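Since the structure comes first, as structure tokens, the remarks are kept for the end.
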Amino acid sequence: MSEATKIIEAIEQGDPRAAEELLPLVYTELRRLAVHKMAQIPPGQTLQPTALVHEAYLRLVGQQSQQWDGRGHFFAAAAEAMRRILIDNARRKGAVRHGGNQHRLNVDKVQIAAELKDDELLAINEALDKFSECDSQKAELVKLRYFVGLTLEEAAEVLGISHTMAKRHWTYARAWLLREIRRDENSAR
């Protein structure tokens, strides 16, 4: 049993010092995952990888009723927390009262950033929510890969499936999500 798993069990037992011991053990890995995800988001974001990790960690250890079945379950919960934080941030920024109807311009280049846009992130989230209803394990794989930045091998390990099965799930999930996003775009026109 790893040190992180022992500390997670101590948190579940109500040990107040255990949460303080967990962060140093998982911080580096959580921050690496957050940096990977934040690299896909356009510049000019108010949310930074460190803040994403801290917010996700606070949500995870702040839930009194949360129970984790080990390291893999903890990181799956972290993936979900990071996903929700990014989605909430995209929604907040899209709100009219926060200037959601205005576009940020780079004064030097006078062009909008071409990376993943908030509306694309929201479209992916909506499609992923629908996909979760159909196939939760494949949806979890997408969350781990897309929102946390795990490799296919790492995600397979977290989910407890073989690399080959993860590869098949990943191929299917990408096709399903692309079809759903295109369907939503066509119905919006």
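Structure above, values below:
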| item | result |
| --- | --- |
| Residue, most open to solvent (accessible area, probe 1.4 Å), within region 1-54, restricted to residues that are of a type in the set (D, E, K, R) and under 17 Å from residue 144 (Cα atoms) | 32 |
| Residue within region 135-147 that is over 16 Å from the mean Cα position of the chain (by Cα), farther than 17 Å from residue 46 by Cα, at pLDDT 80 or above and surrounded by 12 or more Cβ atoms within 10 Å (Cβ to Cβ) present | yes |
| Residues (touching a helix residue (DSSP H, G or I) at 6+ places or on another chain (Cβ under 7 Å), hydrophobic (A, V, I, L, M, F, W, C) and modelled with pLDDT under 80) located in region 80-106 | 90 |
| Region 122-154: number of residues that are within 17 Å of residue 37 (Cα to Cα) and basic (Lys, Arg) | 2 |
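The values are calculated or read from the model by the stated rules, or taken from the named source; none is laboratory data. Owing to the predicted nature of the structure, the values given are computational and were not obtained by experimental measurement. Methodologically, a virtual Cβ is constructed for each residue, glycine included, from the backbone with ideal geometry; neighbour enumeration extends over all protein chains shown. Calculation scope for accessible area: heavy atoms of the full protein, side chains included, ligands and nucleic acids excluded. Shrake-Rupley method; radii C 1.70, N 1.55, O 1.52, S 1.80 Å.
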